[in-house]
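Data block below; observations after.
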Amino acid sequence: MPDPLDTYALLPRYKYLRVVDVADAMDGLGYFDIGLMDPDVRPLWLGMKWWGVAVTLRCVPSNRPMWPLETTEDIVNAHGIWFKEVGNISYADQVREGSVIVTDTGGAKEVGFWGSNNALGMVARGAVGIVTDGYARDTYELALQKTPICCRKRGRTIIPGRIMAVEAQVPVSCGGVQVRPGDIVGCDDDGVLVVPFEIAEKVIEPAIQILLHDMRGRRRLYERLGKEMDETVDVEKVEAYYRHF
């Protein structure tokens, strides 16, 4: 059983795996429907694909409104004023190459906890993905930047007066599933999947064989139908990659 801190070392072996391959492998190990996030929590833009290790953040709706601000300068700096007054939870130092930030918004109403600026800041720290069961804002820029974020809805409003981060690196609920620090989280066009760290290594080999079986079958159909080959049927490349492990 791997230590949750060691799951980063497993990420290279997840490189080519689809969410469905790992979900099928989890079924085969008896983990039926474990880790399947609500389908409404999904990639903001098509073609997104990543696997990473969970860094968790728990938020709750704020029980106090934002007070009126007197100057344009204060309005521009609303976040800084809010955090100075109510405090903020430090979690950025937990983010490293290969992290996925999983955000439990506690059922907060419309609020763009993640936007084009702070999300890109996490990518700059090495995050390969962000997941929230709430809203994302600045969604045109998020898609344009190819910021790897999955969310339930698109939103418009900002954090002050609406939501507060209260804990980091604790078990959280996101999209109807439990996520703990060290669990592996994956995303592609089919949705988001959480792999408990206890089985994160065990699922890899069956998932690889499921992927290769599917690729070989579709490769034969491509040949039969005269379809131009693409990366999804490049069996040789994937086989060669996994021979190194």
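The values are calculated or read from the model by the stated rules, or taken from the named source; none is laboratory data. Because the structure is predicted, anything quoted here is derived from the model rather than measured. FYI the Cβ positions are ideal-geometry reconstructions off the backbone, even for glycines, and counts take in every protein chain you see.
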Flagged in the range 140-154 as touching a strand residue (DSSP E or B) at 6+ places or on another chain (Cβ under 7 Å) and crowded, with 22+ Cβ neighbours inside 10 Å, in numbering order, are Leu142, Pro148, Ile149, Cys150, Cys151
Residues (within 14 Å of the chain's Cα centre (by Cα) and in a loop (DSSP other than H, G, I, E, B)) located in the range 110-133 | Gly126, Ala127, Val128, Asp133
Of Gly52, Gly47, Gly80, which residue is within 16 Å of the chain's Cα centre (by Cα) and outside any strand (DSSP E or B)?
-> Gly47
All but one of (1) over 18 Å from Leu57 (Cα atoms); (2) surrounded by 15 or more Cβ atoms within 10 Å (Cβ to Cβ); (3) of a type outside the set (Val, Ile, Thr) hold for Gly112; which doesn't?
-> (1)
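Rundown of residues vs (1) among the basic types (Lys, Arg); (2) modelled with pLDDT under 95; (3) closer than 11 Å to Gly35 by Cα; (4) out of contact with any Pro (no Cβ under 9 Å at 6 or more places or on another chain), yes/no style:
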position: Arg152; (1), (2), (3), (4): yes, no, no, yes
position: Gly182; (1), (2), (3), (4): no, no, no, no
position: Val195; (1), (2), (3), (4): no, no, yes, yes
position: Ala200; (1), (2), (3), (4): no, no, no, no
position: Val203; (1), (2), (3), (4): no, no, no, yes
Cβ-Cβ below 6 Å, separation at least six or inter-chain, first residue in the range 222-245 and under 17 Å from Leu211 (Cα atoms) and touching a residue at least 12 places away in the same chain (Cβ under 8 Å), second of a type in the set (Val, Ile, Thr) and in a helix (DSSP H, G or I): which pairs?
-> Tyr242/Ile208
Output yes when any residue across the range 161-176 is out of contact with any Ser or Thr (no Cβ under 9 Å at 6 or more places or on another chain), touching a residue at least 12 places away in the same chain (Cβ under 8 Å) and among the hydrophobic types (A, V, I, L, M, F, W, C), and no when none is.
-> yes
Before we move on, is Val20 surrounded by 21 or more Cβ atoms within 10 Å (Cβ to Cβ), under 23 Å from Lys146 (Cβ atoms) and either aliphatic (A, V, I, L, M) or free of Cβ contacts under 8 Å to residues at least 24 places away in the same chain (or both)?
-> no
Can you name the residue in the range 217-235 that is in a helix (DSSP H, G or I) and over 29 Å from the mean Cα position of the chain (by Cα) and is also surrounded by the most Cβ atoms within 10 Å (Cβ to Cβ) among such residues?
-> Arg219
Pairs, first closer than 18 Å to Val100 by Cα and part of a helix (DSSP H, G or I) in the range 193-214, second of a type in the set (D, E, K, R) and modelled with pLDDT under 95, C-beta under 9 Å, six or more apart | Phe197/Asp3; Phe197/Asp6
Among residues of the range 89-103 being part of a loop (DSSP other than H, G, I, E, B), exposed (fewer than 14 other Cβ atoms within 10 Å of the Cβ) and out of contact with any Lys or Arg (no Cβ under 8 Å at 6 or more places or on another chain), the residue modelled with the lowest pLDDT is Ser90
Over 14 Å from Gly129 (Cβ atoms), at pLDDT 95 or above and polar (S, T, N, Q): does that describe Thr56?
-> no
How many residues are among the small types (Gly, Ala, Ser), assigned to a strand (DSSP E or B) and under 16 Å from the mean Cα position of the chain (by Cα) when one looks only at the range 134-176?
-> 3
